[in-house]
Amino acid sequence: MEQHEKVFDLIGVGVGPFNLGLAALLDEVDGVEPLFFEQNDEFDWHPGMLIEGTKMQVPFIADLVTMADPTNKYSFLNYISKNERMYQFYFLQRLDIPRREYNDYCQWVSRQLNSCQFGKRVTNIRPVRDNEQYYEVTVVDTKTEETTVYRSKNLVMGTGSTPVMPKSFQGFPEDEVFHTADFLPNHDRCRNANSITVIGSGQSAAETFRELLKEQKECGFRLDWITRSPGFASMEESKLSLEHFSPDYVNYFYQLPQEQKDEIFATQGLYYKGISNHTINDIYNLLYEYSVGGKEADVGMQVLSEVKDLKKKADGGYEIDCYHWQKQEAFTHESDIVISATGYKPHVPDFVHELSDFLEWDEKGRYKVTKDYRLKKQEDLQGEIYVHSGISHTHGVGSTNLGLSVHRNKVIINQLVGREVFPMNEKTIFQSFDI
């Protein structure tokens with residue numbers, strides 16, 4: 001085991017868009033030496049859902065740096081310019097960009113940042129009280145399996161989220177029952193199936209269903225979409241509703257009592273979990289086209305139906321036990337392939353749970369977070385642990401929003417260096433949430 005001699009100012013765990021944006025902004029901040037570790041070999045943002053034709057749900061201005069510093073060399077517009085695509089983008093006349101392009105942009109940034117190291121898995125974190133206080137971070141090289149211990153004054157957790165699969169969906173062949181996060185690797189398998197069922201009602205479910213619907217007539221499979229929701233609800237995308245994804249709303253939400261925060265957050269699903277209007281329109285337009293001439297597509301869309309269990313049939317395929325909760329009637333549905341669009345949950349690594357005696361947790365087992373994104377500690381250790389994911393219960397509905405992540409990085413950097421590197425606007429929206 002090797003001990004790295006240098007003590008870094010900040011070590012980041014995970015390199016997704018949030019920590020990558022932080023690394024890009026810190027690259028031009030004097031006096032801070034950061035290091036970020038990512039276990040994957042390169043930056044890759046939801047690779048299983050990088051479907052051609054899918055678009056970002058935020059404008060391109062919500063890139064890694066622009067909302068903090070429009071002149072930053074890691075902006076999306078500079079990426080476009082350096083790749084000699086400025087006129088093509090100009091003629092595109094769109095604020096929303098392809099999801100695949102956003103991923104390519106982030107890869108372009110990551111390749112330029114020496115502070116971001118890939119193929120490095122963090123396996124342990126330990127607070128140390130020596131002559132000086134710091135965090136000891138154990139890192140394993142995924143190729144050589146060599147272990148190196150690094151030291152840092154502060155940490156930042158950017159460990160993202162993991163797909164959620166119901167227990168009844170687990171233990172089956174991974175090319176027959178899988179999460180939408182694994183759609184593209186299993187796309188060819190879907191094309192050769194006799195029947196496919198998508199379960200869930202969010203954006204990922206809709207995009208998967210739309211892609212399969214485009215191929216349904218040619219491939220000849222039966223395609224179904226089942227959700228327990230009352231309908232395939234569109235996301236709330238009106239401009240004033242989007243102001244919930246603002247620093248003003250974060251500040252308002254944070255100061256509310258935790259019980260009230262939980263109640264409010266439970267009512268805000270359509271701000272971030274619904275289906276974009278253009279995706280719903282695409283699906284409806286395809287269904288309409290298929291109906292021309294009185295024809296019926298071999299497609300079903302079933303609402304108000306909860307999936308209770310999943311069983312593998314002896315002759316192949318699966319039997320899905322469903323329950324129509326308004327009519328209170330059970331029914332079964334059969335399908336060769338079952339695609340689960342059951343969302344994601346924050347990824348909290350095991351080594352964070354091992355810090356349970358060091359951090360403060362609420363009664364629901366969630367860590368407590370300060371207004372400026374530091375984990376609350378039970379002990380008076382000088383170094384901070386900043387956090388990007390798993391903070392919806394403290395900071396609200398915009399915690400996973402890419403545009404707000406830039407604001408969060410501004411707050412973290414200002415707190416880290418002890419001065420206002422990035423100005424913080426006090427009023428960013430037209431409406432008022434507070435009095």
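The values are calculated or read from the model by the stated rules, or taken from the named source; none is laboratory data. Treat the numbers as computed from the prediction; the structure is a model and nothing was measured. Here Cβ is always computed from backbone atoms with ideal geometry, including for glycine, and neighbour counts include all displayed protein chains.
Could you tell me whether any residue of segment 283-302 is over 30 Å from Leu10 (Cβ atoms), without any contact (Cβ under 8 Å) to a residue 12 or more places away in the chain and among the acidic types (Asp, Glu)?
Residues of segment 283-302 over 30 Å from Leu10 (Cβ atoms): 283-302.
Narrowing further to those that are without any contact (Cβ under 8 Å) to a residue 12 or more places away in the chain: 284-285, 288-289, 291-296.
Next, only the ones that are among the acidic types (Asp, Glu) stay: 289, 296.
Yes, there is a match, as at least one residue in segment 283-302 is over 30 Å from Leu10 (Cβ atoms), without any contact (Cβ under 8 Å) to a residue 12 or more places away in the chain and among the acidic types (Asp, Glu).
Any residue at all in segment 354-374 that is assigned by TED's automatic domain parsing to the domain that holds Trp45 and in a helix (DSSP H, G or I)?
Scanning segment 354-374, I find no residue that is assigned by TED's automatic domain parsing to the domain that holds Trp45 and in a helix (DSSP H, G or I), so the answer is no.
Let me spell it out: the conditions are (1) out of contact with any Cys (no Cβ under 9 Å at 6 or more places or on another chain); (2) of a type outside the set (A, V, I, L, M, F, W, C); (3) assigned to a helix (DSSP H, G or I), and Asn19 meets all of them except one. Which number is the exception?
(1)
Applying the selection to segment 363-372, what residues are touching a residue at least 40 places away in the same chain (Cβ under 8 Å) and under 27 Å from Asp130 (Cβ atoms)?
Within segment 363-372, Asp372 is the sole residue that qualifies.
Scan segment 385-407 for residues that are in contact (Cβ under 8 Å) with a residue 60 or more places away in the chain and in contact with a strand residue (DSSP E or B) (Cβ under 9 Å, 6 or more places away or on another chain) and jot them down.
Residues satisfying the conditions are Ile385, Tyr386, Val387, His388, Ser389, Ser392, His393, Thr394, His395, Thr400.
What strands (runs of 3 or more DSSP E), lying completely within segment 289-349, carry at least 2 residues that are polar (S, T, N, Q)?
Correct list: 329-335.
Across segment 113-127, which residue is surrounded by the fewest Cβ atoms within 10 Å (Cβ to Cβ) among those that are out of contact with any helix residue (DSSP H, G or I) (no Cβ under 6 Å at 6 or more places or on another chain) and of a type outside the set (D, E, K, R)?
Here the answer is Asn114.
Which one of the conditions (1) touching a Gly at 6+ places or on another chain (Cβ under 8 Å); (2) under 23 Å from Asp309 (Cα atoms); (3) part of a loop (DSSP other than H, G, I, E, B) does Asp224 fail to meet, given that it meets all the rest?
If we test Asp224 against (1) touching a Gly at 6+ places or on another chain (Cβ under 8 Å); (2) under 23 Å from Asp309 (Cα atoms); (3) part of a loop (DSSP other than H, G, I, E, B), just (3) comes out false.
I need the strands (runs of 3 or more DSSP E) fully contained in segment 39-147, keeping only those with at least 1 residues that are closer than 28 Å to Phe183 by Cβ and touching a residue at least 12 places away in the same chain (Cβ under 8 Å).
On the way: elements: 116-118, 120-129, 133-141.
By residue number, 116-118, 120-129.
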